[in-house]
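What follows is a short report on a single structure.
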Amino acid sequence: MFLVVFIDLLGFGIVLPVMPRQVEPYFDALELGPLARGGLIGLLFSVFSLMQFLFSPVWGRLSDRVGRRPLLLLSLAGSVVFYAVYGWATTFPPQQAATAIGLMLAARVGAGIAGASVGTAAAVIADCTTPENRARGMALIGIAFGAGFTLGPLIAYFGLGLFGRQPWGVGAIASLLSAVALLIACVVFRETRRPGSRAAREFPSLTRTAAVLGLPTVGGLVLVYFLCIFAFANFEATLARLTKAAFGMGDDGNFLVFAFIGFMLMVAGGMYRPLAKRLPETVLLAGGVGLMILGLTAVGAVAWCTQAGAVAGGPLATLFHVAAAVSVAGFAAVNPSVSALISRRTDPERQGEVLGVNQSFASLGRILGPLAGSLLFDVHPSHTLPFVAAVAVLGVVFAILPGLRRAADRT
């Protein structure tokens with residue numbers, strides 16, 4: 001399961017760093033203003049997550065009904081197709097800007113539907129782990145994300161040379177890697193869930209989602225996850241633009257920054273696993289939120305200093321990388337902690353459904369976070385407002401955690 005998720009996420013890590021830059025020539029051709037550009041970039045990020053918001057509960061519930069394997073294979077096949085569509089979109093000249101942007105948007109819609117299976121992957125881990133080891137198991141998904149984000153940009157950095165640095169090479173590499181993941185899954189992945197159980201016979205609905213949110217402490221944990229994802233997505237969606245505005249980085253330098261972010265996510269996920277043996281998930285969750293607040297505050301400070309005329313290099317570049325690493329380390333602790341806490345409070349017959357609902361609201365955070373961050377980025381010349389908004393939201397999370405911890409301890 002780890003290998004399949006990792007290879008599929010390589011494609012995500014290849015496309016994400018360059019998408020805001022690849023769409024810019026088409027914006028220039030349409031003569032769009034800063035607000036329209038920010039809105040469309042936010043839309044390209046957010047529509048992916050909108051599809052995950054809509055389809056994660058569906059995938060999760062269906063995986064409880066028909067099994068995990070067929071849903072995951074279908075997801076990987078969709079990734080193969082829609083990453084290829086993305087590559088095709090970048091081949092259009094600026095004179096056909098509307099067509100290119102429309103195809104990019106369609107590719108993001110399709111990839112979002114295909115990628116709505118993270119909750120199902122979490123359910124696979126829940127099927128295969130005891131409650132005591134659940135947090136360590138969930139951390140594997142975070143490590144897979146980190147590894148994908150590390151090697152994805154690096155593969156793009158070196159692999160694009162095979163395609164003459166052509167923009168469509170990004171989509172081609174991502175599609176080929178998803179095809180490899182699909183082939184491996186077909187050969188090695190075995191079903192972990194007995195399909196057709198009584199609890200899985202009802203289809204997904206708003207009533208079922210409301211019932212999940214009404215489970216003891218689950219609704220509060222889903223809210224915390226949503227807000228943390230919203231805050232981190234502000235950072236994630238504006239990172240490529242910030243590195244260009246603050247440090248003048250080109251695409252190659254940006255690939256390396258994203259690789260560094262992914263490497264830190266992978267390392268932090270690896271460190272989380274031994275910590276989960278010693279500390280309860282509620283403590284790790286609070287620590288993760290605190291690190292996110294500290295790191296994103298420092299990223300905002302770097303953006304402010306570069307706008308105020310400080311030299312964009314040396315100490316500021318070091319502070320930026322340290323701040324980004326701290327932010328990512330915090331997020332790496334939040335993800336498995338919430339997933340484990342929710343899974344441990346869920347009937348084994350409903351793991352796919354409940355974890356799918358959690359991923360659905362995480363996707364809602366990835367819809368609203370990039371939209372907010374992309375729109376706020378150009379409101380002030382310092383580009384600090386996305387990080388101010390993120391820290392404010394995390395402050396709310398930190399304030400409600402004690403009550404959530406008391407409720408969790410009672411269950």
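Bear in mind these aren't lab numbers, they're just calculated from the coordinates by the rules spelled out. In this text the structure is predicted, and so the values were computed from the model without any measurement. FYI the Cβ positions are ideal-geometry reconstructions off the backbone, even for glycines, and counts take in every protein chain you see.
Summary table
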{"quantity": "Sorted by Cβ neighbour density within 10 Å, fewest at the top, the residues Thr346, Thr99", "calculated": "Thr99, Thr346"}
{"quantity": "Projected label distance in nm at Arg345 and Ala317, using a 7 Å step from Cα toward the beta-carbon", "calculated": "4.6 nm"}
{"quantity": "Solvent-free Debye scattering, log10 I(q)/I(0), computed from the Cα coordinates of the range 222-298 at q = 0.20, 0.24, 0.26 Å⁻¹", "calculated": "-1.03, -1.25, -1.32"}
{"quantity": "Computed Rg/Rh of the range 268-307, alpha carbon atoms with Kirkwood Rh", "calculated": "1.20"}
{"quantity": "Cα-based equivalent ellipsoid, the range 16-76: semi-axes from gyration tensor eigenvalues, Å", "calculated": "35, 12, 7"}
{"quantity": "Net charge contributed by nearby residues that have their C-beta within less than 13 Å of Pro94 (K/R +1, D/E -1)", "calculated": "-3"}
{"quantity": "Centroid-to-centroid separation of the range 15-47 and the range 276-310 [C-alpha atoms, Å]", "calculated": "28 Å"}
{"quantity": "Separation in nanometres of the label points that stand 7 Å from Cα toward Cβ, at Arg165 and Ala301", "calculated": "3.7 nm"}
{"quantity": "For Asp64, Asp28, order by how many other beta-carbon atoms lie within 10 Å, fewest first", "calculated": "Asp28, Asp64"}
{"quantity": "Convex hull of the range 54-123 built on C-alpha atoms - directionally averaged projected area, nm²", "calculated": "4.6 nm²"}
{"quantity": "For Lys244, Lys277, order by how many other beta-carbon atoms lie within 10 Å, fewest first", "calculated": "Lys277, Lys244"}
{"quantity": "From the C-alpha gyration tensor of the range 215-351, square roots of 5λ in Å", "calculated": "33, 14, 13"}
